[in-house]
Amino acid sequence: DDAVALIREAGYRCRRSDRELRVTDRENAVEFTFLRPRDIAVYVGAGVLDLGITGRDLARDSGAEVVELLALGFGRAAFRYAVPNDSALTPEQFGGLRVATSYPTLVAADLAARGVAATVVRLDGAVEISVQLGVADVIADVVESGETLRQAGLRIVGEPLLQSEAVLLSRLPLAEMPPEAQTFVRRLEGIIVARDYVMVEYDTPQDLLEAACKVTPGLESPTVAPLSQTGWVAVKAMTRRSEVNRIMDRLHALGARGIIVTDIRTCRL
């Protein structure tokens, strides 16, 4: 749903009826195919699809030769090891143990990098209960809140194997892709950037302009325009959404007035 919302915001027709697997946007020369998330990187890597949206964890576990073009900012989760609550094991001590996971390629690669010889037990789901059922000694799984692990009597150990989120994939670098695909990537990138930034506009005395611009430097530099009131200028600059309240406080304390913050729907940088 998040992927479809992003694509539609970028100006594409991507609404499907019922369980329709293909939707064609003839105006933009794009065909959308709905697949299982675990399979998407495989299709992209094989050249069947030009682009794909799936999780970074699923893409890397697939072993497909794909390029990550863009992180999309949703579906964030960490891929981590978990052991029973009464266990003092660390990942370096997993030698000879059974590690249950739905991501065997990722886990095997991580264990090999640690020099640990353990048995990877592949499961398609409900990994967290595998220890209680005696199938495994520890698990490796995608963790969001960690509540499911706690209910299963497990706790997280070690650093994340991977920080995952939804990503846009391709088999080719952006410059080698068809024009329609390049346009698609740029449109999505514009939406993603716009979600992280807002536009700050304010009026400030001319003699405070240099100090104000240090507070709002913008991406390259702020836009400055004279006001009809002598000695005052108007300033406009993009700034990160997460920092905007602190920036407004600093501008007001500095002497800026008429401070306005507006959302940015999309942009091209």
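The values are calculated or read from the model by the stated rules, or taken from the named source; none is laboratory data. Because the structure is a prediction, the values reported are computed rather than measured. Note: ideal-geometry Cβ built from the backbone for every residue, glycine included; neighbour counts use all protein chains shown. Accessible surface is based on the protein model in full, side chains and every heavy atom, while ligands, DNA and RNA are left aside. Shrake-Rupley method; radii C 1.70, N 1.55, O 1.52, S 1.80 Å.
Name every residue in the stretch 244-260 that is of a type in the set (K, R) and not in a strand (DSSP E or B), in order of residue number. Steps first, please.
Step one: filter the stretch 244-260 for residues of a type in the set (K, R), giving 246, 250, 257.
Selection gives R246, R250.
Restricting attention to the stretch 212-242, the residues that are more than 14 Å from D263 (Cα to Cα), part of a helix (DSSP H, G or I) and open to solvent by 40 Å² or more (accessible area, probe 1.4 Å) add up to 1.
Inspect the stretch 168-175 for any residue being surrounded by 19 or more Cβ atoms within 10 Å (Cβ to Cβ) and touching a Leu at 6+ places or on another chain (Cβ under 6 Å) and give the result as yes or no. Spell out how you get there, then give the answer.
Residues of the stretch 168-175 surrounded by 19 or more Cβ atoms within 10 Å (Cβ to Cβ): 168-171.
With the extra rule that they be touching a Leu at 6+ places or on another chain (Cβ under 6 Å), the set shrinks to 168, 170.
Yes - at least one qualifying residue is present in the stretch 168-175.
Only one of the numbered conditions (1) at pLDDT below 95; (2) acidic (D, E); (3) in a strand (DSSP E or B); (4) farther than 30 Å from R114 by Cα is violated by D203, and that is (1). Entry remark, the stretch 243-269: residues being of a type in the set (S, T, N, Q) and open to solvent by 100 Å² or more (accessible area, probe 1.4 Å) number 1 in total.
Sub-6 Å Cβ pairs linking a first residue in the stretch 7-19 that is more than 18 Å from Q182 (Cα to Cα) to a second residue that is of a type in the set (A, V, I, L, M), at least 6 apart or interchain, are R16/V23, ordered by first then second residue.
From the list R195, R187, R150, which one is loosely packed, with under 15 Cβ neighbours inside 10 Å, part of a helix (DSSP H, G or I) and out of contact with any Lys or Arg (no Cβ under 7 Å at 6 or more places or on another chain)? Among R195, R187, R150, only R150 is loosely packed, with under 15 Cβ neighbours inside 10 Å, part of a helix (DSSP H, G or I) and out of contact with any Lys or Arg (no Cβ under 7 Å at 6 or more places or on another chain).
Test A136 against the stated conditions and say whether it is among the hydrophobic types (A, V, I, L, M, F, W, C), assigned to a loop (DSSP other than H, G, I, E, B) and touching a strand residue (DSSP E or B) at 6+ places or on another chain (Cβ under 6 Å). Even if it seems obvious, please write down each step before you answer.
On the way: among the hydrophobic types (A, V, I, L, M, F, W, C): yes; assigned to a loop (DSSP other than H, G, I, E, B): yes; touching a strand residue (DSSP E or B) at 6+ places or on another chain (Cβ under 6 Å): yes.
For A136, the condition - among the hydrophobic types (A, V, I, L, M, F, W, C), assigned to a loop (DSSP other than H, G, I, E, B) and touching a strand residue (DSSP E or B) at 6+ places or on another chain (Cβ under 6 Å) - is met.
Residues of the stretch 11-50 that are under 19 Å from V185 (Cβ atoms), modelled with pLDDT of 95 or more and of a type in the set (G, A, S): A41, G45.
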